[in-house]
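Have a look at the structure below, then the notes.
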Amino acid sequence: EDNKYLAHETYKPQAGAPISAVATPVPIASLDTTPENLRNVDGNAAIMEEPTNENDNNLRPNFAPNDEVTRELKELYTNFQKCLDLREKYMRVSCQRVGDNPSDKDDWVIYPPPPPPSWPAPPGGTKMRVSDGPGSIGSDFVREEVKIPGQCDMWYELDDTGIFQVYETKDEVARKNPIIQVPTPKEYFVDLDFILSVISDGPTKSFAFRRLKYLESKWNMYILLNEYEELAEAKRVPHRDFYNVRKVDTHVHHSSCMNQKHLLRFIKSKMKKTPDDVVIFRDGKNLTLRQVFESLDLTAYDLSIDTLDMHVSF
């Protein structure tokens, strides 16, 4: 029955052919139910090519690299390069480049010698003299062993701009040829004014901010992907101490050295162990800790934060 209805829907009589009262069934196997756009596709084809439209190319985004540098970027890059050149210039004249520090040279003598290293000395290496440890600080200093350099043969004088210039010989003084050409005050302030103008420039700050955010994002991505590997690698290093280094800040206020509870415990401990220590000068006489508590009509048992109204602020 299904075949009859299907044949009835798909059968179309030709013009001039006799029409039968009963539709002739058509076998399902002879029907081509394949869509028209797939009838000409080879059976071995793996990818179907969709019909292309000439207007589709205009709708697709163009990601071709553009090597053209805008005027704003060109100005930014020029200013950055000049800042780098100024940095190199002043590092050179102030002897702050790599290799300019005499303490980095092998013949530099440190006296008293530094403390012994915490790692074993390499085999066959040169053994330098080391101190006897922290307990010998001051006692290992021998004045006769200090090598004081002799008189220097160089010359110096004050130039017309008010800057001391250093010369190798007296003849160089006459030729005004110093060892290092120290910039004049005018030159220094011109360079400083240029750097300040670059720092205060709006597009420059926006570019620097985006660059810093980009670097921060790269670092965060690296940490997310390699955090555990980095920790494992650090722990595999012998004599490791870098991954558990803590910053030591010597700028400490007394208000942050203890809280109220710690201060109260400290006072009670002093009252119990050393009550006869002089702690205050009042009314022309020295008072011990016991006398201070007696003047307040208090004992160590009665002492509390609310009783003394203590505020840890010095």
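The values are calculated or read from the model by the stated rules, or taken from the named source; none is laboratory data. Quick caveat, the model's predicted, so the values are computed rather than measured. All Cβ positions, even for glycine, are placed from backbone atoms using ideal geometry, and neighbour counts span all protein chains on display.
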### Query
For region 221-264, how many residues meet the condition of being farther than 30 Å from A300 by Cα, hydrophobic (A, V, I, L, M, F, W, C) and either modelled with pLDDT under 70 or in a loop (DSSP other than H, G, I, E, B) (or both)?
4
### Query
Residue check, D193 against (1) at pLDDT 90 or above; (2) surrounded by 13 or more Cβ atoms within 10 Å (Cβ to Cβ), all met but one. Which one?
(2)
#### Entry: Which numbered condition F164 fails, given (1) in contact with a Pro (Cβ under 8 Å, 6 or more places away or on another chain); (2) modelled with pLDDT under 90
(1)
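Go through the residues of region 139-146 one by one and say whether even a single one is touching a Pro at 6+ places or on another chain (Cβ under 7 Å) and either at pLDDT below 85 or surrounded by 11 or more Cβ atoms within 10 Å (Cβ to Cβ) (or both).
Yes, region 139-146 contains a residue that is touching a Pro at 6+ places or on another chain (Cβ under 7 Å) and either at pLDDT below 85 or surrounded by 11 or more Cβ atoms within 10 Å (Cβ to Cβ) (or both).
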#### Entry: Qualifying positions in region 150-204 - of a type in the set (S, T, N, Q) and part of a helix (DSSP H, G or I)
S197, T204
### Task
Return the only residue of I148, I163, I195 being over 30 Å from D107 (Cα atoms), without any contact (Cβ under 8 Å) to a residue 24 or more places away in the chain and of a type in the set (A, V, I, L, M).
I163
